[in-house]
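Participant: This structure is in structure tokens; I'll ask about it shortly.
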Amino acid sequence: MSGGTRLENANPLIFQRSGERLLTATDEDEDVADPIDDREIFDILSKSINDPEHPLSLEELNVVEQMRVNVNDRESMVSVEFTPTIPHCSMATLIGLSIKVKLLRSLPDRFKVSLVSSQTHLINKQLADKERVAAALENSQLLEVVNQCLSTRTM
Amino acid sequence: MAADNSVLLGLVEEFVSGQVDSKAAETSTGVKNGQFTILQLVEALGVSLSSSQPQTRGRGVQLLSQVLQECYSSLSEREVEVLLAFYENRLKDHYVIIPHVLQGLKALTKCSVLPPGSAVSVLKSIFQDIHVQSLMLAERSCVYNILISLMESKEEELKGLGADFIFGFVQSVDGERDPRNLLLAFQVARNIIQRGYDLGKFVEELFEVMSCYFPIDFSPPPSDPRGITQEELVLSLRAVLTGTSQFAEFLLPLIIEKLDSDIQSAKVDSLQTLAACGLTYSHKELAEFLPGLWSSIRREVSQTASERVESAGLSALSALVSCLSRSVLNSDSEDVLQVFLSLVLKDCQHHLCEPDLKLVWPSAKLLQAAAGASYRASLIVSAAIIPALLEQYNNRTQCAHRRTLLEVLQGFVQPTALSRPADGEDSVLVAFQQSLCGVVFSALTESSAGLQVTATRVLSALGQQPGLMAQTDVEKAVDHLSRLILEEDDPKLSSAVVECSGSLAHLHPKAFISRLIPRLKEEILSGQSDAAVRQRCVTALASVSSLPSVVQESAPVLLQVLASAHTGSCGFSVEEVAAVCISLQKIAEHARDSEEIGRFFHDIIIPHLLGLCLQAALQTRDAGHSSPLTDKAVLSAVVPVMSTACAALRSESASRMAAQAVSLFLDGDVSFLPENAFPSKIQLLQSQAESGGLSQLVCLLMACVCSLPRSVEIPEIDRLLLQLEDLSCTCTHLFSFTSAAKCFAGLVNKRPAGEALDAVLERVMKRISVELENTSSAQRTQAFTLLLWLFALLSDPALGSQAADGFGVLMSDCLDVLNRGCHADVRIMYRQRFFAENSTKLVQGFNSAEQEKKSCYLKALSHIVSNLPRQVQLTELPALLPLLLEALSCADQAVQLSTLSCLQPVLLEPPEALRNQLEALFSRLLALTTSPAMKVRIASLQCVHALSRLPEHTVLPFRARVLKALAVPLDDKKRLVRKEAVAARAEWFLLGSPGGR
């Protein structure tokens, strides 16, 4: 982030982070199968994607919320609804693309992902289009920015 | 003499015309031995030095210079003068000669007998006749070295040169590029600045020639033999730039400019340089640039994603403020500190009123850094901020807002080393004492656990500072804390409460004795509360007991709990009783610092504990009534209580303890136990006591005697050892014989080496080799002998695996007996030695073993390797790698797991040897990611994750394969495995991809 440039939204609202998921006895039990659930997907999204403008996670910016992540393990469906930090944020497409890529990399093949932005219809159409997502990732500059969002924070 | 002369002439001839380089060394040895003098050498060189061929002249000067480098210390002042005049003159000579001339000058300037005036003339001729930057690397380095030596020996003369010297230096350095020479040049510049040379009108020139390297960006070549680091260069340049306030007007604008850079290291360097300026500058230099510096710092801290930039920015701000705080106030000028802080406050304060926006934290940190810089600054900042924060707190109603505000407040409450009030000054918070306490107490009654946790932290911070809590406030705080202990079950909150109680109890013991302990005691012993509440009470009791006066109240309560557990009146479970013992152990740890606590344990607690355990054991034997105190888990928890307390005993009470314990166990002497209601002749060390009832009490003997200092004489040790040996070999109760063996080992370990010890060991070895009862009886001291039969066992199919585990026992620190805390004699590096002595045998054994027995060897090996210190692991790894890889494909899951756990840390900084084995490593690791055991899957995924950090070119070929293989565990049935798979796969996706790593 360049020192002199102005940010589109310099002082966003910060939301509280939920704590680490608590380990239960069944988590350690070899014989019990744990289905993939809302919280697991939410953890994947919220902890490891950074907003391109801020060193903050999507959870802290309230871009994703656990209640708006729905997972059905048996039918292999995941649906995620996200809210960009400010209306018509120019970064919304990028955030959406990052979420999509993160899910593609972290979920087993069998899952079908549907990603919805609560604000603009246009983004939804772009993200639902497999060809367009694939084409976007061919663009090495775009891939670079997406990868930066997905890099774990370096201190 | 004549013969010497001809020898010398011969040497010179061979060197100059014969081009035999080794003759120089022979000549200098001759000069050093006194065989020839320098004068003779010069005479012998006469022809070559005046030759018309530059090459011949060069050769002649080279010989002279090389000899001088060896013998400069033996020269007389007169000789030096003549030689210097010669060399100065040669500087004007042909360019091929110059390198040798400079070498000679470098040697001469190291002389201690430089004639007066010579330094000036040498420098003048160098600056006049030579253009330094057109010389080669080594010659430039010579020039810098000449400067450094002259600055050491002839400081006065050089200062007399005035600005000419500075100018000459600036000219010769201008354009230097080699890092080695730069380090020298920086050193010269630092000397100029720190030793008070007059910079004259060349301040700006000197600054320019140095600052063009700022900020330094240097990455050493991969196989750098010189080992110059970026860090070294940065620090030496920083010392130059910040060394004098004369540079301020140039440096500060430069810093402001570089802070705009996109490169993070440049930002950090600029901020750190600014912080260093704060130490040397005064407010006069800073004044003009303060607004610019402040806005840059503020921007960096509030926008950055990096903690390094943030902390560098905060320390720069703090350095500026503390520099301004040092300024002396004039009656006519305004207070610069006040002016600057009001600027900071103006920019930051309003953000504190928006506790849910992002900038609240950067602003709070900036203000805290400013306040922490000096006492005066903290007065000014607190006066403005604290009332505002308190008001905000009272106006807000949401818990999350209040929590943020309180967390911000906490940063202001805790003084730093710099802002701590001096003697006679009041804490800056005195004026707000009442309202601060009010806010904290109200926060403690809120329903949000997070808010309460923060409140307890603020409370501890307040309690640490004198004068901030009145007696009534302390009492109120203690009441709040006891209520929280009894009522709140959030784990984070209760640990925060316990921690807060611990820190307050250290300062205000009376309030805790009179209010908290009685209340908790009543609750624990009432028999009505549930286990979780009792557990919290017990933990809290342990944490408040750091002072003798508190211990005397709290430890008896815990004893009472044990007693009532024994009688069964309150229905304590075994786990609870064990937890009580752990708390007692925590208290016992304070005995190390306070003799009074140690004595209390010796006089009261230990006899009571022994008595209780003995009673319980006797009752169980006679009446069949089983008390929790006979349970193995409880006894194992009692052991550390006693051993911790005994380890801290001073000599006299320690010997008394030893005597009492031994007479109790050997002779059944119960006189020192309380409530003397025991049968007179009890036999504690007899293995006949079936079901282990009495015999397992031997662990208490171990606790008492094995942890005493080595100097303490154990009475009747031979009889004791004999009995222990019997017990450990004949008793059939696992816990009893293991304890007896451990006790035996602990005692043997403390005996001085000598015949007595040898005899005991020999006897035991004989017996063990007959009985092979258990492996832990022979611990460290016997390691080597034990090994022989352990080796014999490895090829025995039935016992092989158990023997391999024995290696694990040998290598790890035993918690009960043989560790430093118990004064055991642990020889340094015994793990390394053990490894060195045995690994080769293991490898040999492995190679010669049959297929099905190989796993035992692998298991033993992985036990040994995983207990080795990391340094040793790294050096030994290349030799062991093939075996470890073999171990990965071994079917035994325990072997896989222990190998993976020892590989994983190594993979973070992989040694060279690993590079050649990557193929084998990957195929084995990836296969293990689908292992049936969850722990193996997790560990192998962690290893795969670690491998992604290897240099890109080495692992990139595996990327596609790894990504494909990792798709499988993404759908693992266990969530913990999926989590590792997701993390590992994400890193592997980033590898080699643009914007990734």
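Participant: Given points 7 Å out from each Cα along the Cα-Cβ axis, report the B:Glu156 to A:Asn11 separation in nanometres with one decimal.
Facilitator: 6.4 nm
Participant: Ok, one more. Using alpha carbons only, how many angstrom separate the centre of the stretch A:19-51 from the centre of the stretch B:424-487?
Facilitator: The stretch A:19-51 and the stretch B:424-487 have Cα centres separated by 37 Å.
Participant: Oh, and also: Can you give the FRET efficiency for B:Ser671 and B:Leu722, using 1/(1 + (r/R0)^6), R0 = 25 Å, r = Cβ-Cβ distance, to the nearest 0.05?
Facilitator: 0.55
Participant: Another one. Pulled fully out, how much extra length does the chain show between B:Ala287 and B:Asp622, if you take 0.36 nm times their separation in residues and subtract their Cα-Cα distance?
Facilitator: 111.8 nm
Participant: How big, in percent, is the set of alpha carbon pairs in the stretch B:147-227 lying more than 22 Å apart?
Facilitator: Of all Cα-Cα distances in the stretch B:147-227, 29 percent exceed 22 Å.
Participant: B:Asp603 versus B:Arg195, label points 7 Å from Cα toward the beta carbon: distance in nm?
Facilitator: Each label point lies 7 Å from its Cα, and together they span 6.7 nm.
Participant: Which whole-angstrom value gives the distance between the alpha carbon centres of the stretch B:500-524 and the stretch B:244-277?
Facilitator: 52 Å
Participant: Which loop chymotrypsin sites (Phe, Trp or Tyr not before Pro) in the stretch B:86-180, with loop taken from DSSP, have no more than 12 other Cβ atoms within 10 angstrom of their Cβ?
Facilitator: Filter output for the stretch B:86-180: B:Tyr95.
Participant: Give me the inter-chain shielding for A:23-35: mean count of other chain Cβ atoms within 10 Å, whole number please.
Facilitator: Mean partner-chain Cβ count within 10 Å for A:23-35: 3.
Participant: Turning to a different aspect of this structure: When ranked by the protection proxy of mean other Cβ atoms within 10 Å per residue, highest first, what sequence do the peptides B:485-493, B:115-123 form?
Facilitator: So the order, starting with the most tightly packed, is B:115-123, B:485-493.
Participant: Can you give the FRET efficiency to the nearest 0.05 for B:Arg420 and B:Ala531, using r as the Cβ-Cβ distance and R₀ = 45 Å?
Facilitator: 0.55
Participant: Which whole number gives the average, over all residues in B:359-367, of C-beta atoms from other chains lying within 10 Å of the residue C-beta?
Facilitator: The mean count of partner-chain Cβ atoms within 10 Å per residue comes to 1.
Participant: Suppose the chain between B:Ala383 and B:Asp174 were pulled fully straight at 0.36 nm per residue; how much longer would it get relative to their current alpha carbon spacing?
Facilitator: Length gained, B:Ala383 through B:Asp174: 70.1 nm.
Participant: Contour minus end-to-end for B:Glu208 and B:Thr37, with contour as 0.36 nm per residue of separation and end-to-end as the Cα-Cα distance?
Facilitator: That pair, B:Glu208 and B:Thr37, stretches by 56.8 nm at full extension.
Participant: Give the Kirkwood hydrodynamic radius (Å, one decimal) of the stretch B:1-95, defined as one over the mean of 1/r across all pairs of different Cα atoms.
Facilitator: It is 13.4 Å.
Participant: Taking a spot 7 Å from the Cα of B:Gln683 along the direction of its beta carbon, which residues of the stretch B:644-669 have an amide N less than 20 Å from it?
Facilitator: Label zone hits: B:662-669.
Participant: On to the next question. Determine which residues of the stretch B:16-30 fall in the zone a paramagnetic label at B:Gln55 would reach in this model, i.e. backbone nitrogen under 16 Å from the point 7 Å along Cα→Cβ.
Facilitator: B:16-21
Participant: Under the definition of Cα pairs under 8 Å and six or more residues apart, what whole-number percent is the relative contact order of the stretch B:102-213?
Facilitator: 31 percent
Participant: Along the three principal axes, how long is the stretch A:70-117 when you take its alpha carbons, biggest first, rounded to the nearest angstrom?
Facilitator: 35, 18, 10
Participant: Starting from the Cα of B:Phe735, step 7 Å along the direction of its Cβ; do the same at A:Glu20; then give the gap between the two resulting points in nm.
Facilitator: About 3.2 nm, to one decimal.
Participant: Starting with the highest mean, order A:25-31, B:352-358, B:666-672, B:473-479 by the number of other Cβ atoms within 10 Å, averaged over the residues of each peptide.
Facilitator: My ranking of the peptides, most packed first, is B:473-479, B:352-358, B:666-672, A:25-31.
Participant: Now a separate question. In peptide B:305-315, what is the residue-averaged number of other protein chain Cβ atoms found within 10 Å of each Cβ?
Facilitator: 2
No value in this document is a laboratory result; all are computed from the given coordinates. In this text the structure is predicted, and so the values were computed from the model without any measurement. Cβ sites come from the backbone with ideal geometry, for glycine too, and all protein chains shown count toward neighbours.
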